[in-house]
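Reviewing the structure listed below.
The values are calculated or read from the model by the stated rules, or taken from the named source; none is laboratory data. Quantities reported herein were computed from a predicted structural model and do not represent experimental measurements. All Cβ positions, glycine included, derive from the backbone under ideal geometry; neighbour counts span all protein chains shown. We work out accessible area using only protein heavy atoms, side chains counted, and drop any ligands, DNA or RNA first. Shrake-Rupley method; radii C 1.70, N 1.55, O 1.52, S 1.80 Å.
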Amino acid sequence: NRVFLLFDGDEAGYRAAARCFPVAINSPLQVDAVFLPSGEDPDSIALREGERTGQILQSLPRKQLLDLFVDAALRKYNVTHPSELGPQLKDRVCDEVASQIQRCEKSIARDELYRRAGFLLLVDPGLLKSRGQG
């Protein structure tokens, strides 16, 4: 029921993972991202760790794709936290996030995504939901 996508732990890896959110939004599976330590790739870990490679990869922290998508939307405006956004830019970020969440076909999953996005963006989830429907 769960899939973990493995990415490099650099900026390009985080951007690639964020781009997966719109693609995976209607997946019947829980899709999360896992990031390799900086400077590592699966091959270097496999060569060094041998049989322990699977354990090492499973122990890496997981991130929700929505969280990564929100982070990427914030970084477009050179901020890392929504409190750094002015009202106009926050409005743009919220529109972008809400329009993607609205594409989710399952109502409960969509409501949970709005709830999580509201928490991450420091806005009322109901406001986000109304943005996505508009």
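Laid out as a table, the results:
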item	result
Subset of the stretch 31-48 [assigned to a helix (DSSP H, G or I) and surrounded by 15 or more Cβ atoms within 10 Å (Cβ to Cβ)]	Ile45, Ala46
Any hit, the stretch 39-54, residues being of a type in the set (A, V, I, L, M) and within 25 Å of Arg92 (Cα to Cα)	no
Among (1) under 16 Å from the mean Cα position of the chain (by Cα); (2) at pLDDT 90 or above, the one test that Pro61 misses	(2)
Residue ID - least open to solvent (accessible area, probe 1.4 Å), chosen from residues in the stretch 1-26 that are free of Cβ contacts under 8 Å to residues at least 12 places away in the same chain and over 11 Å from the mean Cα position of the chain (by Cα)	Ala12
Any hit, the stretch 71-78, residues being over 21 Å from Gly118 (Cβ atoms), of a type in the set (Gly, Ala, Ser) and out of contact with any Cys (no Cβ under 8 Å at 6 or more places or on another chain)	no
Pairs, first closer than 13 Å to Pro82 by Cα in the stretch 110-134, second open to solvent by 60 Å² or more (accessible area, probe 1.4 Å) and among the hydrophobic types (A, V, I, L, M, F, W, C), C-beta under 8 Å, six or more apart	Gly118/Leu127
Elements of type helices (runs of 4 or more DSSP H) in the stretch 55-134, at least 1 residues being exposed (fewer than 12 other Cβ atoms within 10 Å of the Cβ)	87-101, 107-121, 125-133
